[in-house]
């Protein structure tokens, strides 16, 4: 496929813009609003955020779709579901 790795310099976060963008999103959208109690709690929060980020959250680069694509629901009653204790919401039609 012609894919090659490109090592970055140690302690140079500006060279890895994709990782920095993701870390910034995790901090801004999740960790800045939640008090983490211990390591297990942090892992649970990050797992729930990863599920939200990949399955529900819209991404402008994907034409407002999620990385795990979902079917468009055109009719039905709109229902909301709390994610991460109400920090984010998912709206679906049932």
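A few remarks follow.
- Cα-based helix-to-principal-axis angle, 17-29 vs the chain, degrees rounded to 10: 40
- Region 3-33 and region 35-54 have Cα centres spaced 18 Å apart.
- Ordering of 20-32, 62-74 by packing is 20-32, 62-74, highest average first (other Cβ atoms within 10 Å, averaged per residue).
- Nitroxide proxy distance, nm - points 7 Å out along Cα→Cβ at residue 72 and residue 50: 3.1
- Alpha carbon convex hull of the chain, volume per residue in cubic angstrom: 157
- By the beta-carbon count within 10 Å of each Cβ, the least crowded to most crowded order of 49, 91, fewest first, is 91, 49.
- Dividing the alpha-carbon radius of gyration of region 55-94 by the rule-of-thumb value 2.2 N^0.38 Å gives 1.24.
- Directionally averaged shadow of region 29-69, computed from the convex hull of its alpha-carbon atoms, nm²: 3.1
- 0 to 90° range, to nearest 10: angle between helix 39-55 axis and the chain longest Cα axis: 70
Every number here is computed from the coordinates shown, using simple stated rules; none is lab data. These numbers come from a predicted model, not from an experiment. Positions of Cβ are generated from backbone atoms using ideal geometry, with glycine treated the same way; all protein chains shown enter the neighbour counts.
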